[in-house]
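**Q** Here it is: the structure, laid out below.
The values are calculated or read from the model by the stated rules, or taken from the named source; none is laboratory data. The shown structure was predicted, so the numbers you read here are calculated from the model rather than taken from an experiment. Don't worry about glycine lacking a Cβ; one is built from the backbone with ideal geometry, like all the others, and counts go over all protein chains shown.
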Amino acid sequence: MELDVFPKPDFIITTNLACDAAQKSFYIHSVKYNIEKNFYLIDVPYEYSKESISYLTGQIKNICMDISSKSGMKLDTSKFKEVINLSNEFRKWAIKVNNLRKTLTSYPPYYNGLNFILPFHGLAGTREAVVLYTQMYKELKKYLDKEEKEKSGKNKSLKRILWLHLKPYYKNEIFNILERENCRVVFEEINYIYWPELDPERPFESLAKKMLSHFLAGRIDNRINVILKAARDYKIDGAILFSHWGCRQNNGGARIIKDSLNKVNIPTLVLDGDCVDQNNSSQGQVKTRLQGFVEILNS
């Protein structure tokens with residue numbers, strides 16, 4: 001937005017879940033584009049309750065009605081239901097993909113689950129997300145079927161890694177190092193299905209429930225419970241938490257998460273870095289810490 005790469009928006013909507021910097025950043029840009037009156041902040045309550053659902057539902061509905069009024073476009077309820085149904089269809093296939101990955105160890109070349117953050121979180125409710133995850137399921141199923149046929153040659157020394165938070169989205173050697181050391185990321189926290197099936201007859205309330213179900217909302221216990229469940233389901237040997245310096249909700253819980261995993265004998269590496277600016281990360285230090293972590297896994 002600072003480089004004017006994106007077209008000028010008519011409306012900006014953000015939430016205080018899970019990045020508390022986003023609400024400030026996006027408000028600054030609403031001022032830049034002179035659309036402060038079209039800036040909406042969705043306040044996601046701390047606790048999941050009937051009152052919270054009602055409060056959040058009201059916010060989403062009011063924002064929708066205000067945009068409808070300002071744009072002169074009437075809300076198409078039949079289209080809204082269609083979007084909710086597509087979201088449920090996407091959710092169904094994403095669950096099927098996640099279930100495959102509980103036992104899958106080999107993946108298509110260059111596959112990395114952390115690359116699917118956009119379709120998983122930003123395209124839910126679109127036909128494209130359904131097509132993508134249907135195709136992903138079919139492709140991964142072929143790999144799993146092949147593994148089942150070749151059980152005798154299965155790599156028993158492979159270390160199964162759970163990845164927490166995001167990754168550096170620039171050229172780096174992290175995953176190449178892990179592969180060389182016979183370690184593989186078999187699941188990522190961001191791909192966990194945390195929300196219930198949505199009700200197309202109650203779309204606003206369904207979206208409110210989805211937001212409130214997020215494991216980054218409320219107490220850190222919510223996130224730890226998800227992490228421990230994933231560690232059990234995916235038979236994890238070790239976890240890596242990429243601690244992006246700008247994400248306070250992630251950094252603040254790093255030690256608690258590490259201690260919780262250590263209690264169930266899962267070594268955890270808290271890897272300090274930057275998701276978007278490689279100048280804030282030392283590749284040499286990252287390599288050294290990864291190698292030390294691998295030694296712990298193999299000891």
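**Q** Mind counting the residues in region 255-294 that are surrounded by fewer than 14 Cβ atoms within 10 Å (Cβ to Cβ) and either of a type in the set (Lys, Arg) or not assigned by TED's automatic domain parsing to the domain that holds Glu181 (or both)?
**A** The number of residues fulfilling the criteria is 2.
**Q** Go through region 156-194 and give me each residue that's over 24 Å from Asn298 (Cβ atoms) and among the aliphatic types (A, V, I, L, M).
**A** Result: Leu166, Ile190, Ile193.
**Q** Restricting to region 249-299, give me the number of residues that are outside any helix (DSSP H, G or I), within 17 Å of Gly238 (Cα to Cα) and of a type in the set (A, V, I, L, M).
**A** Of the residues in region 249-299, 5 are outside any helix (DSSP H, G or I), within 17 Å of Gly238 (Cα to Cα) and of a type in the set (A, V, I, L, M).
**Q** Right, something else. Collect the residues in region 101-120 that are of a type outside the set (S, T, N, Q) and over 29 Å from Lys171 (Cβ atoms), keeping them in residue-number order.
**A** Matches in region 101-120: Lys102 only.
**Q** Only residues that are crowded, with 18+ Cβ neighbours inside 10 Å and of a type in the set (Lys, Arg): list them for region 100-137, please.
**A** The answer is Arg101, and nothing else.
**Q** May I ask you to list the residues in region 212-226 that are touching a Phe, Trp or Tyr at 6+ places or on another chain (Cβ under 8 Å), part of a loop (DSSP other than H, G, I, E, B) and either closer than 12 Å to Leu164 by Cβ or among the hydroxyl-bearing types (Ser, Thr, Tyr) (or both)?
**A** Residues satisfying the conditions are Ser213, Phe215.
**Q** Here is a further query. Which members of region 163-186 meet the condition of being of a type outside the set (Lys, Arg), under 26 Å from Lys92 (Cα atoms) and touching a helix residue (DSSP H, G or I) at 6+ places or on another chain (Cβ under 6 Å)?
**A** Leu164, His165
**Q** A further question on this structure: Looking only at residues that are acidic (Asp, Glu) and assigned to a loop (DSSP other than H, G, I, E, B) in region 161-183, which one is nearest to Asn251 (Cα to Cα)?
**A** Glu173
**Q** For Lys142, indicate whether it is in the same structural domain as Gly252 (by TED's automatic domain parsing), of a type in the set (Lys, Arg), surrounded by fewer than 20 Cβ atoms within 10 Å (Cβ to Cβ) and assigned to a helix (DSSP H, G or I).
**A** Yes, satisfied.
**Q** Follow-up. Working carefully through the options Ala208, Ala217, find the one that is in contact with a Ser or Thr (Cβ under 6 Å, 6 or more places away or on another chain), small (Gly, Ala, Ser) and either crowded, with 21+ Cβ neighbours inside 10 Å or at pLDDT 95 or above (or both).
**A** Ala208
**Q** Being aliphatic (A, V, I, L, M) and not in a strand (DSSP E or B) is the filter here; which residues of region 184-199 pass it?
**A** Listed by number, the residues that qualify are Ile190, Ile193, Leu198.
**Q** Does any residue of region 142-149 turn out to be within 27 Å of Asn176 (Cβ to Cβ) and of a type in the set (Phe, Trp, Tyr)?
**A** The answer is yes, given that some residue of region 142-149 is within 27 Å of Asn176 (Cβ to Cβ) and of a type in the set (Phe, Trp, Tyr).
**Q** Assess whether Val83 counts as being among the hydrophobic types (A, V, I, L, M, F, W, C), farther than 30 Å from Asn172 by Cα, assigned by TED's automatic domain parsing to the domain that holds Glu179 and in a helix (DSSP H, G or I).
**A** Here the answer is yes, as Val83 does meet what is asked.
**Q** Turning to a different aspect of this structure: Being hydrophobic (A, V, I, L, M, F, W, C) and outside the structural domain of Lys235 (by TED's automatic domain parsing) is true for just one of Leu132, Leu100, Leu56, Leu118. Which residue is that?
**A** It is Leu56.
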